[in-house]
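Peer 1: Take this structure first; my questions come after.
Any read-out appearing in this document is the output of simple, stated calculations on the displayed coordinates, not a laboratory observation. All values derive from a computational prediction rather than experimental measurement. We place every Cβ from the backbone using ideal geometry, glycine too, and count neighbours over all the protein chains shown.
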Amino acid sequence: FLEHFNWDSYLKETGSQAAPPHCLRQSRIPPSNDFKVSMKLEAHDPRNVTSVCIATVIGITGARLRLRLDGSDNKNDFWRLVDSSDIQPIGSCEKKGGMLQPPLGFQMNASSWPMFLLRTLNGAEMAPATCFKKEPPKPTPNCFKVGMKLEAIDRKNPYLICPATIGDVKGDEVFITFDGWRGAFYYWCKYDSRDIFPVGWCDLTGDALQPPGNNVSITKTSAKPQTSPSKATRRSMQSPHKSVPASAPARGRKPGRGKPLGSTG
Ligand code: MLY
């Protein structure tokens with residue numbers, strides 16, 4: 001059975017607040033996703049960002065596209081918002097006087113690239129310019145505070161969007177922690193990163209929001225990470241708990257980080 005994750009009750013149970021939407025570089029109303037699977041476009045190669053390559057839409061998920069670079073393998077798919085500045089209609093690169101590049105790890109001999117390019121574009125369905133939405137402006141300044149909740153991409157599993165908490169703030173950077181998951185998944189990013197979203201984003205876009213994990217207890221003899229939380233642990237997570245410890249946290253430590261959410265202690 002599945003317990004449906006609900007932000008309203010979760011915020012109440014954890015006594016926490018959602019990051020105000022104006023702190024995030026996302027549209028208040030998520031852009032419509034007008035792309036179709038198999039359409040082609042230009043995208044910056046995530047592994048070689050100065051290269052503009054041909055990409056094919058492999059999947060649609062909420063306001064995002066699952067993309068695969070033409071001439072690459074199926075192990076390096078990546079996800080982009082329809083209003084990402086990393087993607088553009090075919091022809092944009094040439095218009096700016098640039099040249100389309102083979103992706104990093106191009107599977108053929110480099111000399112066959114020009115012919116490959118012709119063939120991959122021949123008869124292809126090119127995503128029309130109207131599919132590409134304008135990137136929202138940068139919010140100024142960094143208005144995140146430690147403890148604010150949001151939705152964030154798990155960069156190790158970038159198809160996943162998960163409930164997250166701001167664990168730290170330093171200048172233009174924020175530390176993204178994943179509720180109920182161990183620190184290995186946490187990361188620093190700019191406050192205007194396109195990988196973080198306001199609470200309720202997935203509900204609006206139809207993307208699937210992951211439920212919080214239960215895997216935060218850091219034991220020295222830690223066994224293989226559990227991937228699906230047990231019913232019992234999941235239930236214990238639902239029980240009211242305040243993430244901010246009653247006692248004053250040690251200097252330099254932020255409340256709610258690295259604390260076992262589902263622990264009985
Ligand atoms: N099977 C993976 C999935 C981890 C996902 C963690 N995210 C949601 C923060 C693992 O356990 O490593």
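Peer 1: Exactly one condition in (1) surrounded by fewer than 21 Cβ atoms within 10 Å (Cβ to Cβ); (2) within 16 Å of the ligand (Cβ to nearest atom); (3) of a type outside the set (Asp, Glu) is false for Leu204; which is it?
Peer 2: It is condition (2) that Leu204 fails.
Peer 1: Looking for whichever is in contact with a Pro (Cβ under 7 Å, 6 or more places away or on another chain), surrounded by fewer than 19 Cβ atoms within 10 Å (Cβ to Cβ) and over 22 Å from Lys12 (Cβ atoms) here; the options are Lys133, Lys156, Lys138, Lys190. Which one fits?
Peer 2: Lys133
Peer 1: Something else: Scan region 1-52 for residues that are more than 22 Å from Arg155 (Cβ to Cβ), part of a loop (DSSP other than H, G, I, E, B), out of contact with any Cys (no Cβ under 6 Å at 6 or more places or on another chain) and among the hydrophobic types (A, V, I, L, M, F, W, C) and report the count.
Peer 2: 5
Peer 1: Test Leu81 against the stated conditions and say whether it is in contact (Cβ under 8 Å) with a residue 40 or more places away in the chain and surrounded by 14 or more Cβ atoms within 10 Å (Cβ to Cβ).
Peer 2: Yes.
Peer 1: Is it the case that some residue within region 96-119 is among the charged types (D, E, K, R) and closer than 21 Å to Tyr187 by Cβ?
Peer 2: The answer is no; no qualifying residue exists.
Peer 1: Given (1) outside any helix (DSSP H, G or I); (2) away from the ligand (no atom under 16 Å from the Cβ); (3) hydroxyl-bearing (Ser, Thr, Tyr), identify the lone condition not met by Thr130.
Peer 2: (1)
Peer 1: Find all pairs meeting these conditions: Cβ atoms under 9 angstrom apart; at least six residues apart or on different chains; first residue within region 182-198 and under 15 Å from Asp83 (Cβ atoms) and part of a loop (DSSP other than H, G, I, E, B); second residue within 15 Å of the ligand (Cβ to nearest atom) and charged (D, E, K, R).
Peer 2: The qualifying pairs are Asp195/Arg155; Pro198/Glu151.
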